Amino acid sequence: MRAPRASLAVNGLAGAVLVFLLFPVLVVVLISFSSVDFLSFPPPSLSLRWYRTIFSNFEWINAFLLTLQVGALTALLSTLLGVPAAFALSRHVKRGQNVVNALVLAALVTPPIIKAISIYLYYVPFGLLNTVPGLAFAHTVSGIPFVVINVVAGLRGYDRDLERAASIHGASPLRAVLGITLPLIAPSIIVGAVFAFMQSAQELLIAMFVLGTLEKPLAVKLWEGVRVAIDPSLAAATTSVTVLAILGLVTVMLAGRRARPTRVAVQG
Amino acid sequence: MTVSTLPAYPARSARLKRISAEYPHALGLLLLAPMLSWIAVFFIFPTAWMIWQSFSERGLQPYATILTSAIYLKVLLTTLKICVITTVGCLILGYPVAYVLTTARPSTRAVLLILVVLPYWLDFIVRSYSWMILLGRHGLINQLVTGLGISSTSLPLLYNLFSVSIGMIQILLPLTILTLFSTMVRIDRRLVDAATIHGASPWRAFRTVFLPLSLPGVYAACLLLFVSALGFYVTPALLGGPEQTMISQTIMVIASDLLDWPLASAAGVLLLVVTTSLLVLYSRFFRLDRMLGGMAR
């Protein structure tokens, strides 16, 4: 129906924007495989030397482990707090929804510098500064919205008759939710948790204030790196995290996909 | 609860049902309570504490310092300027992509959505840094420019308003596209077809039917982008010059170099007032679950 020339122009424009969006990603990934020790793009030839460099460096490995600890704790807490809240928002709470929505949104988009200085001043009397849980507790505030948004969206697309069927066959409401609904919306929960992890791994300002300069998670190490060292090891470090996170997501998703039909068959 | 229409519960859930009938909000509150307490303890209380700290030592003096100092006002104006440029740039670039997403076949759409969300997986510090590589004096763009003879000297592409805007637009584009897409995908395409059948040109059908229907998404994206842009720290620090200093950088300097906590808190409170008013505006008009179209769906 549409004139092919106009639709071609729109598609071309969208394609150009996607190139703009993805080109920096390509640059970082390619440079991480560079064989030379200066930043030239495209790299003259490819090698794994920068991956060897960072994975044999004590400081980088420590940064990885610290980021992993903080991120995992953040993802876990965000999921435990966010999933019940998402159920409440999409099923049980009618009045006051706007207030809760606004709070969750504020937790997500309030400027990180505000969260950083306020949590720093607040942690001083509690002795939570310079602790891994202290940082994860603060990161959980920004992790919760990712879980809530994804699970609310997941529940919107979920056919509640499946749960009702379980109830008719004698399951208690709680059992119907745990046995039927949760496995079926698991992909939404997992995506939310992974995004909560990623925002924790990438967060810089709160990490700098809460952990000071003694312990450095990956984001702080990268931040120091981009301002001094000009070699491709940073690109290799950040690409490794990305690959790990994507592999984690894909593994869990595939495992979930294989497990789901049998669980439904058994319990439903 | 809608399950009340169903027959034959065991006694245990009959009690639950009676409780939930007597206190219809009890279950919802119970499920919300852990999250709300967490947000209160680790977000609301610290923020309130910061507001208190901004007044407690020197009263209104920190606020007077900020609002009367030419330097701080200039930073504030620069921040607003960069936020406006970024928001407008994101909308112009994001709209066509979101539009194409709505017209694409489901399989193509899935692939495109993955591509749109892909940059989010790469640390944004490093994404800003990749622009340093591309836009630098000997970067790829300048190599092309001088190599092709467009200009004999390399262009000043880095450490200015241009590079900051490019960097911030690249980081905020996925959010733009997902927000616009989640509105556009709900537009009934038959309305556009109806206009075309009655003789409207494709452009006119788009302008008079599709565009007005997509405006709620544009407004939502506007507010969300502007608030997100207000808080940027890394990108202006890496890609901008001294002229592009944004408010977060200034607060950072006040806190960590000058160690003037009342002043840092007061600047934080002013920033908070702006972001909170924009958020209140947003939540009056838009629902949270529509925000990112459920991230990638």
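Points to keep in mind about this one:
- Qualifying position, being more than 8 Å from chain B (Cβ to nearest Cβ), within 25 Å of the chain's Cα centre (by Cα) and buried (at least 24 other Cβ atoms within 10 Å of the Cβ), among A:T79, A:T131, A:T140, A:T74: A:T74
- B:L175 falls short on exactly one of the conditions (1) facing chain A (nearest Cβ under 8 Å); (2) closer than 17 Å to A:Q202 by Cα; (3) of a type outside the set (F, W, Y); (4) surrounded by fewer than 22 Cβ atoms within 10 Å (Cβ to Cβ), and that condition is (1).
- Helices (runs of 4 or more DSSP H) wholly inside segment A:168-212 that include at least 3 residues being buried (at least 23 other Cβ atoms within 10 Å of the Cβ) and on the phi < 0 side of the Ramachandran plot: A:182-202, A:205-211
- Residue in segment B:218-241 that is aliphatic (A, V, I, L, M) and assigned to a loop (DSSP other than H, G, I, E, B) present: no
- All positions within segment B:116-164 that are surrounded by 24 or more Cβ atoms within 10 Å (Cβ to Cβ) and small (G, A, S): B:S128, B:S130, B:S163
- Lone unmet requirement of (1) closer than 27 Å to B:F45 by Cα; (2) in a loop (DSSP other than H, G, I, E, B); (3) aromatic (F, W, Y) for A:Y120: (2)
- Residue check, A:N98 under 21 Å from B:S283 (Cβ atoms), free of Cβ contacts under 8 Å to residues at least 40 places away in the same chain, at the interface with chain B (Cβ under 8 Å from one of its Cβ atoms) and out of contact with any strand residue (DSSP E or B) (no Cβ under 7 Å at 6 or more places or on another chain): yes
- Scanning segment A:221-241 for residues that are in contact (Cβ under 8 Å) with a residue 60 or more places away in the chain and in a helix (DSSP H, G or I) gives A:K221, A:S233, A:A235, A:A236, A:A237, A:T238, A:T239, A:S240, A:V241.
- Subset of segment A:30-71 [surrounded by 20 or more Cβ atoms within 10 Å (Cβ to Cβ) and part of a loop (DSSP other than H, G, I, E, B)]: A:L39
- Hits in segment B:62-91 - residues which are more than 27 Å from the chain's Cα centre (by Cα), in a helix (DSSP H, G or I) and without any contact (Cβ under 8 Å) to a residue 12 or more places away in the chain: B:A64, B:T68, B:A70
- Taking the criterion of being more than 7 Å from chain A (Cβ to nearest Cβ) and either over 14 Å from B:Y72 (Cβ atoms) or of a type outside the set (D, E) (or both), the residues of segment B:251-264 that qualify are B:V253, B:I254, B:S256, B:D257, B:L258, B:L259, B:P262, B:L263.
- Matching residues in segment A:82-95 - criterion: being in a helix (DSSP H, G or I) and at the interface with chain B (Cβ under 7 Å from one of its Cβ atoms): A:G82, A:P84, A:A85, A:F87, A:A88, A:H92
- Test result for A:R5, surrounded by 13 or more Cβ atoms within 10 Å (Cβ to Cβ) and either within 8 Å of chain B (Cβ to nearest Cβ) or part of a helix (DSSP H, G or I) (or both): no
- Test: residue in segment A:38-51 that is more than 13 Å from every other protein chain (Cβ to nearest Cβ), within 26 Å of the chain's Cα centre (by Cα) and modelled with pLDDT of 90 or more: yes
- Subset tally (residues that are under 20 Å from A:R156 (Cα atoms), among the hydroxyl-bearing types (S, T, Y) and within 11 Å of another protein chain (Cβ to nearest Cβ)) for segment A:166-199: 2
- Among the residues of segment A:146-165, those that are assigned to a loop (DSSP other than H, G, I, E, B) and either facing another protein chain (nearest Cβ under 10 Å) or of a type in the set (V, I, T) (or both) comprise A:G157, A:R160.
- Scan of segment A:112-128 for residues that are surrounded by fewer than 24 Cβ atoms within 10 Å (Cβ to Cβ) and of a type in the set (G, A, S), ordered by number: A:G127
- The residues in segment B:268-290 that are small (G, A, S) and more than 9 Å from chain A (Cβ to nearest Cβ) can be counted, and the count is 1.
- Conditions (1) facing another protein chain (nearest Cβ under 9 Å); (2) at pLDDT 90 or above; number of the one not met by A:L211: (1)
The values are calculated or read from the model by the stated rules, or taken from the named source; none is laboratory data. None of these values were measured; they are calculated from a predicted model. Don't worry about glycine lacking a Cβ; one is built from the backbone with ideal geometry, like all the others, and counts go over all protein chains shown.
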